[in-house]
Amino acid sequence: MTDAPQTHAATTDDLIYEVEDGIATLTLNRPQARNAFTFAMYDGMATICREMPTDGSIRALVITGAGEKAFAAGTDMSQFRAFDKDQDALDYEKRVGAVYDALEKCPVPTIAAISGACTGGGAGTAACCDIRICTENLKFGFPIARTLGNTLSMENYARVKDLIGVARAKEIIFTSRLVGAQEALAAGLVTEVLPDHAALMARAKELALHIAGHAPLTLRACKEAFRRLRVDGPDAEGDDLVIMTFMSEDFREGLDAFFNKRKPEFKGK
């Protein structure tokens, strides 16, 4: 039985949040502006991630853009017009950094379903997701050297480096070129390329439902472990993650299911 779509307090005309069959979908809904982020959209996405339930009612989050032309074409540039002092720039990067931190810490797996342009803040958002799939018309990159003349934050440089390597990251930022779907697939930036938007969204849901059948605490531990490794390096601590999973009801359920040759029913507890 299909659940009725649920809304969220952060839902607006520009940011649509729905839950169906235990899968949440967040749609960036400004197709007339290629889904460019307003500050309110950034804040709404962060709120959704921070308030994501951990009771098993939601097992995965799909993030996508409205229409077929763009996932998100960066931050709405009109919001930069008022910048006239150092603190404006620092506050902006701190604000967006907090959004990306919330996205990385979201307790359920996140899937970026990308059609078309995925640039600037859109590329940064996709880089924070756990899995990225795209359509053939993907255009991914940070063309800031030929557009605004600004820079990424240190954390964003680190994320891009981890995804595609230092040499490729430098090359695409220096040249301001955009990476297409097949290059993104070869580089490991995306894991699948779909022929069109309909196929993309069908695959995103299929993938989310597949992941939803797995142990939520294991997935949460995996997400957090990789986040800590990026932030803290090889000295990152993980004892709490080991205890969280091995001492859980789900681990006991997994053991019982294994020895009794049945499928486990994980609840995230």
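What follows is calculated from the coordinates using simple rules that are stated; it is not laboratory data. Note that this is a predicted model, so its numbers are computed, not measured. With ideal geometry, Cβ positions are generated from the backbone for all residues, glycine too; neighbour counts draw on all protein chains shown.
Miscellaneous remarks
- Antiparallel %, DSSP beta bridges [both residues in the stretch 15-212], to 5: 25 percent
- Residues Cys222, Cys118, Cys128, sorted so that the one with the fewest Cβ neighbours within 10 Å comes first: Cys222, Cys128, Cys118
- Measuring from each cysteine beta-carbon in the chain, the ones with no other cysteine beta-carbon under 4.7 angstrom are Cys118, Cys128, Cys129, Cys134, Cys222.
- Cα long-axis angle, helix 166-175 against the chain (0 to 90 degrees, to the nearest 10): 30 degrees
- Angle in degrees between helix 39-50 and the longest Cα principal axis of the chain, rounded to the nearest 10: 20 degrees
- The magnitude of the dipole of the chain, with charges of +1 and -1 set on the Cβ of Lys/Arg and Asp/Glu and taken from the Cα centre, is near 620 debye.
- The alpha carbon gyration tensor of the stretch 205-254 gives principal lengths a ≥ b ≥ c with a/c of 1.5 or higher and a/b no greater than b/c, which makes the shape oblate.
- Rounded if a/c under 1.5, otherwise prolate or oblate - the stretch 67-220, Cα gyration tensor axes: prolate
- Distance violations [Cα-Cα > 31 Å] among Lys69/Lys267; Lys85/Lys161; Lys105/Lys263; Lys85/Lys170; Lys161/Lys263; Lys161/Lys267: Lys69/Lys267; Lys161/Lys263; Lys161/Lys267
- Part-to-part distance (alpha-carbon centres) for the stretch 194-269 and the stretch 79-108, which is given in Å: 29 Å
- Note on the chain: GNM, Cα springs under 10 Å; of Phe142, Phe259, Phe71, the largest mean-square fluctuation is that of Phe259.
- Length-normalised contact order of the chain in % [C-alpha pairs under 8 Å, at least 6 apart]: 17 percent
- Based on every Cα atom in the chain, Rg and the maximum pairwise Cα distance Dmax equal 18.9, 67 Å.
- Note on Ser78/Asp55: beta-carbon distance plugged into 1/(1 + (r/R0)^6) with R0 of 45 Å gives a FRET efficiency of 0.70.
- Residue exposure sequence - Arg159, Arg227 - by fewest surrounding Cβ within 10 Å: Arg227, Arg159
- Helix 249-259 and the longest principal axis of the Cα set of the chain meet at an angle near 60°.
- Relative packing of 54-66, 179-191, 88-100, which averages over residues the other C-beta atoms within 10 Å, highest first: 54-66, 179-191, 88-100
- Taking Cβ atoms as reference points and 13 Å as the exclusive limit, the residues near Phe37 contribute a net charge of 0, counting Lys and Arg as +1 and Asp and Glu as -1.
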